[in-house]
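Following: one structure in structure tokens, then a few remarks.
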Amino acid sequence: MIPWFRSPIRLLAALCLALPAGACSPPVTTVAPGPLAGDAAWSGTVRVAGDIVVPEDTRLVIAPGTRVLFEPPPPGTDRFRQHPNFPGSELIVRGTLVAEGTPGRPILFAAADPDAPAGSWGGVNLAQATSNSFSHCIFRQADSALHSRNSEVFIEQCLFENNLVAIRFHSSAILIENNLLRNNATGIRFHDGAPVICRNRLVANGKAFFITAHPREVRIEANDIVDSREFAVVLGEEVPEDVNMAGNFWGEGDPGRTIFDRRRSDYLGRVRVEPRRTEPVPSAGISWSP
């Protein structure tokens, strides 16, 4: 048996009791704007003010329980403001990002001011990045919380709320599974690519889906898409083809009333919803409580 005074856990507890209150709180780190210098691991509270870049061949791992808080960028530090980037402090990933929390210790990406509105920071922006994964994360108050361009990304068991756009992507290999998207101006916005979007719960978003151009080999099924404030699905002017969205639950009533497609503009394709589910998907959404 390890003697009491030699037990690392008990020794740490004794040291904490001997220190002022708050001295053993998780560390607070402020990351300087610009590229990371090599592989990095974030934990505790990480404050971002300006645009941080994860370069190619660089790996950033964010530990469970980490709080990544985005502050307004100081003058000259918001270098990437125009699309495909966004105004505000931003995490731009050209290498690899792994953010895998746990049900008891999710990872938070949010504005430093808890009362800030949606759009108060840019987003986590993946640009030709490979092997990215997000699980048990919370995204709040971003312009486009998670944006992927020509990247590989796996998103599961995450909560997106109070963002202008929750998930936005272009030409990416992307799996979006078992997430909760609520109270965003737009839930999922994309063009091109072959996404797999299954068993998510999209509730009380302005637009649940906004498909802007030429979806191909889309698999969107077994989702709950309910209570959208404007439309459940909007097709953009570059979507003349039909989009198959059969096998989802749309809530009560005719889902066609909440869809902007050929029913409203004859140059658009049609969203195919039949056969549709008549009951909510039991496994849709996250399996943990934020």
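The values are calculated or read from the model by the stated rules, or taken from the named source; none is laboratory data. All values reported here derive from a predicted model rather than from experimental measurement. Please note: Cβ atoms are built from the backbone with ideal geometry, for glycine as well, and neighbour counts cover all protein chains shown.
Laid out as a table, the results:
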item: Yes/no for residue 74 being part of a loop (DSSP other than H, G, I, E, B), over 19 Å from the mean Cα position of the chain (by Cα) and at negative phi; result: yes
item: Tabulated pairs, segment 162-177, first over 30 Å from residue 113 (Cβ atoms) and free of Cβ contacts under 8 Å to residues at least 24 places away in the same chain, second among the hydrophobic types (A, V, I, L, M, F, W, C) and part of a strand (DSSP E or B), C-beta under 6 angstrom, 6+ apart or interchain; result: 175/154; 175/196; 177/198
item: Residue in segment 236-259 that is assigned to a strand (DSSP E or B), touching a residue at least 24 places away in the same chain (Cβ under 8 Å), within 19 Å of residue 201 (Cβ to Cβ) and not aromatic (Phe, Trp, Tyr) present; result: yes
item: Unmet requirement for residue 132, which otherwise passes all of (1) farther than 13 Å from residue 51 by Cα; (2) surrounded by fewer than 19 Cβ atoms within 10 Å (Cβ to Cβ); (3) in contact with an Asp or Glu (Cβ under 8 Å, 6 or more places away or on another chain); (4) not small (Gly, Ala, Ser); result: (2)
item: Count of segment 18-41 residues which are at pLDDT 90 or above and over 23 Å from the mean Cα position of the chain (by Cα); result: 2
item: Test: residue 99 is without any contact (Cβ under 8 Å) to a residue 60 or more places away in the chain and under 16 Å from the mean Cα position of the chain (by Cα); result: yes
item: Segment 130-150, subset touching a residue at least 40 places away in the same chain (Cβ under 8 Å) and farther than 21 Å from residue 206 by Cα, residue nearest to the chain's Cα centre (by Cα); result: 136
item: Single match in 108, 159, 175 (criterion: under 20 Å from residue 191 (Cβ atoms), at pLDDT 95 or above and either of a type in the set (Val, Ile, Thr) or under 13 Å from the mean Cα position of the chain (by Cα) (or both)); result: 175
item: Residue in segment 77-85 that is farther than 24 Å from residue 169 by Cα and either in contact (Cβ under 8 Å) with a residue 24 or more places away in the chain or surrounded by fewer than 20 Cβ atoms within 10 Å (Cβ to Cβ) (or both) present; result: yes
item: The lone exception for residue 212 - which of (1) at pLDDT 95 or above; (2) not in a loop (DSSP other than H, G, I, E, B) it fails; result: (1)
item: Residue in segment 186-201 that is closer than 18 Å to residue 251 by Cα, assigned to a loop (DSSP other than H, G, I, E, B) and not small (Gly, Ala, Ser) present; result: yes
item: Residues (out of contact with any Asp or Glu (no Cβ under 9 Å at 6 or more places or on another chain) and in a strand (DSSP E or B)) located in segment 106-129; result: 108, 109, 110, 127
item: Selected residue (only one of 103, 84 is assigned to a loop (DSSP other than H, G, I, E, B) and at pLDDT 95 or above); result: 103
